[in-house]
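What follows is a short report on a single structure.
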Amino acid sequence: MDCIFCSIADGSIPADKIYEDDNMVVFKDLNPQAPIHLLAIPKAHISSNNEVNSENSFVIGKIFEVIAKIAKEQGFYEDGYRIVNNCGVHGGQTVGHLHYHVLAGRNLQWPPG
Ligand code: AMP
Ligand code: ZN
């Protein structure tokens, strides 16, 4: 399967990885929208939130746990941050492998466009 985030997960495409374990990877977004912009992904190919089910959802709890740890380690947990999942066309999803954006380091606006 031709999936850029599967290739990052298996190491065949390089990325600036800041965390990796058996189930997930966190790396820096190539086109950052904030001073800190990370992407947290499951290693398993889950194409979007629509494909989350009782078999694969354990990894999502793990992803949120690791994001909390990274926020503490990198010192942005006090100021706060935003975790975003874009799903499908109306959600603005451009890469068809489930990912969570972690945005930090500036005051983010709400609501989104
Ligand atoms: P989304 O629009 O929610 O699907 O987000 C996809 C994100 O992936 C965008 O923020 C891109 O900048 C980012 N991206 C695409 N390719 C790469 C890559 N090879 N390495 C790091 N980030 C990437
Ligand atoms: Zn994939």
Q | Cβ-Cβ under 6 Å pairs, at least 6 apart or on other chains, the range 101-113 side part of a strand (DSSP E or B), far side of a type in the set (Val, Ile, Thr) and surrounded by fewer than 18 Cβ atoms within 10 Å (Cβ to Cβ) | A | His101/Val84; Val102/Ile83
**Q.** Among residues of the range 45-96, those that are of a type outside the set (Val, Ile, Thr), surrounded by 15 or more Cβ atoms within 10 Å (Cβ to Cβ) and away from ligand 1 (no atom under 16 Å from the Cβ), counted
**A.** 6
(Q) Looking at the range 13-34 only, could you name the residues that are touching a Phe, Trp or Tyr at 6+ places or on another chain (Cβ under 9 Å) and more than 14 Å from ligand 2 (Cβ to nearest atom)? (A) Asp16, Lys17, Ile18, Tyr19, Glu20, Val26, Ala34
(Q) I'm trying to understand the selection: among the residues of the range 19-35, which are more than 12 Å from the chain's Cα centre (by Cα) and under 29 Å from Gln109 (Cα atoms)? (A) Leu30, Asn31, Pro32, Gln33, Ala34, Pro35
Q: Among what's in the range 1-29 and is more than 8 Å from ligand 1 (Cβ to nearest atom) and of a type in the set (Val, Ile, Thr), pick the residue that is farthest from Ile41 (Cα to Cα).
A: Ile18
**Q.** Residue match in the range 7-20 (condition: within 24 Å of Val89 (Cα to Cα), open to solvent by 60 Å² or more (accessible area, probe 1.4 Å) and polar (S, T, N, Q))
**A.** no
Q: Any chance you could count how many residues in the range 36-55 are over 13 Å from the mean Cα position of the chain (by Cα) and more than 14 Å from His99 (Cα to Cα)?
A: 3
Q) Taking the range 59-100, which residues are of a type in the set (Phe, Trp, Tyr), part of a loop (DSSP other than H, G, I, E, B) and touching a Gly at 6+ places or on another chain (Cβ under 9 Å)? A) Phe76
Q. Do any residues in the range 5-34 that are under 19 Å from Val84 (Cα atoms) and part of a loop (DSSP other than H, G, I, E, B) have Cβ atoms under 6 Å from those of residues that are within 11 Å of ligand 1 (Cβ to nearest atom) and modelled with pLDDT of 95 or more, where the two are at least six apart or on different chains, and which pairs are they?
A. Asp29/His37; Asp29/Leu39; Ala34/Leu103
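The values are calculated or read from the model by the stated rules, or taken from the named source; none is laboratory data. Here the structure is a predicted model, which means the values were calculated and not measured. We place every Cβ from the backbone using ideal geometry, glycine too, and count neighbours over all the protein chains shown. SASA here: full protein model, heavy atoms, side chains in, ligands and nucleic acids out. Shrake-Rupley method; radii C 1.70, N 1.55, O 1.52, S 1.80 Å.
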